[in-house]
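The structure under discussion appears below in the form of C-alpha cells.
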Amino acid sequence: MVVTVFGLGFVGLTTAVGFADKGMTVYGVDVDKNRIDILKDGRIPFHEPGLKEALERNLGKHFFLQEDTETVVAESDCVYYCVGTPYGKGGEADLTYLYRALDTTLAACNDDKYRVLVTKSTIPPSTTAEKIIPYIEAKGYLVGRQIGVANNPEFLREGSCWEDFIHADRIVMGVSDERTKQVLMELYAGFDIPKFCVSLNTGEFIKYLSNTLLATMISYANEMAQLADTIGGIDIAQAFRILHMDKRWGGSSMSSYVYPGCGYGGYCLPKDTNAIYAMGKEKGMDAQILKNVIAVNEARSDYMAMRIEEVMEIGGCIGILGLSFKPGSDDVRDTPAAKVISRLVADGYTNIVAYDPLAMEAFEQHYHLPIVYMVSVEEVLERAEKVVILTAWKEFADIATRTEKAIIDCRYML
Ligand SMILES: NC(=O)c1ccc[n+]([C@@H]2O[C@H](COP(=O)([O-])OP(=O)(O)OC[C@H]3O[C@@H](n4cnc5c(N)ncnc54)[C@H](O)[C@@H]3O)[C@@H](O)[C@H]2O)c1
C-alpha cells in the first residue's frame with residue numbers, strides 16, 4: 001500500500017513514519033521547506049522521544065520526502081491530511097490548509113485509480129459530509145465511485161507521539177462506503193489495536209468528545225481551586241491528591257486532568273473546545289458547559305498573574321520556571337505561560353527572567369516578550385526576587401530545597 005501524508009508536524013510525521021515502520025511506502029509532503037530540510041538530515045523539528053529512531057529506520061527505505069507532489073499522489077492508494085486546523089475568526093476550525101492540500105491532491109488525480117482521501121487533522125463533526133465531500137464533488141469527482149473520503153482522528157499526546165500512535169488504544173475511522181472501509185482496514189491490518197468503522201460524523205465527534213472532556217476536567221479543577229482560595233484555609237494540592245485516592249479512578253492517569261494549574265493550553269484543547277462550541281452555535285445550540293469551560297480557562301491566566309502581582313512590587317525581578325504548555329514538550333502554542341507573562345508585562349512588570357529545559361528558543365521566536373532567558377534553574381534562583389512555576393517540569397519538584405526565596409507554585413506541584 002502506498003500512502004502520501006500532507007503535513008509533517010507532530011501528527012503527520014508520526015503517522016507517516018508509523019505507516020512506514022509497518023512496511024508501507026510512504027511519501028511525506030510539507031509546505032515548510034525548512035522542516036523538509038531538517039527531516040532529510042534525519043533530524044526531528046520538535047522534541048518527541050522515539051520518533052528520531054523511527055525516522056532513521058525508515059528514511060530512504062519506506063519513507064520518502066517528496067517535493068513532486070503530483071507523482072506521489074498519482075502513485076498513492078491513500079492520501080492523509082495532517083495539516084493544521086487552527087482557530088478561525090469566530091472560534092470555528094479554519095480549514096484553509098486542508099482545502100489547499102485537497103486542491104494539490106485533486107490536481108494530481110487525473111486517472112481512474114481509486115484513492116482514499118483521509119483527514120487525520122481534527123475537524124468538527126459534519127465537516128467531511130457537509131464541507132469536504134461537496135468541495136471535492138464541486139471539482140467534478142464522484143465520491144464513493146472515483147474517490148473515497150474518510151476521517152481518521154488522532155488521539156496521540158505530544159511528548160509520547162510515537163508510543164501513542166504505534167500502541168494506540170483505539171483506531172477510529174469515519175467512513176461512508178464499503179470500499180473506503182476495506183482500504184482503511186487493509187492499511188491498519190498490521191496494527192493489533194481495536195478498530196472502529198463508524199459514520200463520518202461519529203468519527204469526527206469522538207475526537208471532540210475526548211478533547212472537550214479533558215478541557216472540562218481541567219476547568220472544573222481550576223474553578224474548584226479558585227473557590228478554595230476564596231474560602232481560605234484549604235491546602236489545594238493536598239485536597240486534590242486525596243481526591244485521586246478514590247478507588248474509582250483505578251489509578252488512571254486521567255486523574256491528572258482533574259488537577260489545578262494555569263489553565264489548559266497547547267495546540268489542541270483550546271482550539272478544539274472553541275471549534276465544537278462554535279459548531280454548536282452554527283447548528284443552533286449554545287452549549288452551556290462548553291461556554292463556561294472556555295470562560296474559566298480564559299480567566300485562569302489573569303488569576304495567576306494577579307496572585308503574582310499581589311506579592312510582587314513593580315520593578316522587582318520575577319523568575320519564571322517553565323514556558324512550554326506541559327512538561328516533556330517544547331511546544332509553546334497557546335501555552336498558559338505566554339498569557340501569564342503577557343499580563344504581567346501589560347501591568348508594568350517588565351523585570352522578568354525565565355528558564356525552561358526545552359522550550360526557550362521556541363518561546364522566544366513565537367512571542368517576542370521582553371524577558372531575559374537564563375541558562376539554568378540556578379541562574380533564575382540567583383537573579384529573581386520571587387520564583388514562579390508555570391510548567392510542572394520534574395526538575396522543578398525540589399526547588400523549595402534549593403532556595404530560601406518565595407515560590408509561587410501555579411502548578412500546585414510542590
Ligand atoms: N499536536 C497534537 O497533539 C495533535 C493530536 C491530535 C490531533 N491533532 C490535530 O492534527 C492536526 C495537525 O496538528 P499538528 O500538531 O501535527 O500540527 P503542526 O502545526 O505540528 O503540523 C502541521 C504541518 O502541516 C504543514 N502544512 C500546512 N499546509 C500544508 C499543505 N497544504 N501541504 C502540506 N503541508 C502543509 C505545516 O507546514 C506543518 O508542518 C491538527 O488538526 C490538530 O488539531 C494534533
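Expressed as cubic angstrom per residue, what is the convex hull volume of the alpha carbon set of segment 2-198?
116
How large is ³J(HN,Hα) for each residue in segment 252-261, as worked out from phi by the Karplus curve 6.51 cos²θ - 1.76 cosθ + 1.60 (θ = phi - 60°), to whole Hz, x for Gly and Pro?
For segment 252-261, the Karplus-derived couplings read 5, 6, 4, 4, 5, 7, 9, 7, x, x Hz, x marking Gly and Pro.
Pop a pseudo-label 7 angstrom from the Cα along the beta-carbon direction at both residue 367 and residue 395 and give the gap in nm to one decimal.
1.8
For residue 283, list the aspartates and glutamates whose Cα falls under 18 Å from its own Cα; do not include residues on the same chain fewer than 8 positions away.
Cross-link targets: 92, 94, 130, 204, 272.
For the chain, set up a Gaussian network in which alpha carbons nearer than 10 Å are linked by springs, and say which option among 203, 190, 261 fluctuates the most.
Comparing 203, 190, 261 in a Gaussian network model of the chain, the most mobile one is 190.
At q = 0.15 Å⁻¹, work out log10 I(q)/I(0) for segment 1-40 with the Debye formula, treating every Cα as an identical point scatterer and leaving solvent out; two decimals please.
Computed log10 I(q)/I(0) values: -0.30.
Could you point to the residue in 306, 173, 87 farthest towards the positive end of the chain's charge dipole, with +1 and -1 charges on the Cβ of Lys/Arg and Asp/Glu respectively?
Result: 173, furthest along the dipole toward the positive end.
HN-Hα J couplings of segment 169-181 from phi, Karplus 6.51/-1.76/1.60, θ = phi - 60°, integer Hz, Gly and Pro as x?
6, 7, 10, 10, 10, x, 10, 10, 9, 5, 5, 4, 4
Provide the FRET efficiency to the nearest 0.05 for the residue 74-residue 299 pair, computing r from the beta carbons and using R0 = 60 Å.
0.70
Could you tell me, in Å, what Rg and Dmax come out for the Cα atoms of the chain?
22.9, 72
Taking R0 as 41 Å, what's the FRET efficiency between residue 227 and residue 52 from their Cβ-Cβ distance, rounded to 0.05?
Computed FRET efficiency for residue 227 and residue 52 comes out at 0.40.
Got a sec to turn the phi values of segment 342-359 into Karplus ³J(HN,Hα) couplings, 6.51 cos²θ - 1.76 cosθ + 1.60 with θ = phi - 60°, whole Hz, x for Gly and Pro?
Listing the rounded values in order: 4, 5, 4, 5, 4, 8, x, 8, 10, 9, 10, 10, 8, 9, 9, x, 10, 9 Hz.
At 222 nm, what value in deg cm²/dmol follows for the chain if DSSP H runs of at least 4 each add -39500 (n - 2.57) and the sum is divided by all its residues, to the nearest 500?
Counting only the DSSP helices, I get -13000 deg cm²/dmol.
Taking every DSSP beta bridge with both residues inside segment 2-198, roughly what % is antiparallel (nearest 5)?
Antiparallel bridges: around 10 percent, rounded to the nearest 5.
Taking amide H atoms as placed 1.01 Å from N in the peptide plane, list the residues 5 or more away in sequence, or in a different chain, whose amide H sits under 5 Å from that of residue 144.
The list, which skips near neighbours in sequence, is 149.
Name the residues whose placed amide hydrogens come within less than 5 Å of the amide hydrogen of residue 116, ignoring near sequence neighbours (fewer than 5 apart) on the same chain.
Answer set, sorted by chain and number: 78, 79, 148.
Apply 1/(1 + (r/R0)^6) to the Cβ-Cβ distance of residue 126 and residue 238, taking R0 = 45 Å, and write down the FRET efficiency to the nearest 0.05.
0.50
So what does the Cα-only Debye profile of segment 299-414 read at q = 0.11, 0.17 Å⁻¹, as log10 I(q)/I(0), no solvent term?
For segment 299-414, the Cα-only Debye profile gives -0.28, -0.73.
Only the coordinates and a few stated rules stand behind these numbers; no lab work does. Nothing here was measured: the structure is a model prediction, and the numbers come from that model. Ideal geometry is used to build each Cβ from the backbone, glycine not excepted, and the neighbour counts take in all protein chains shown.
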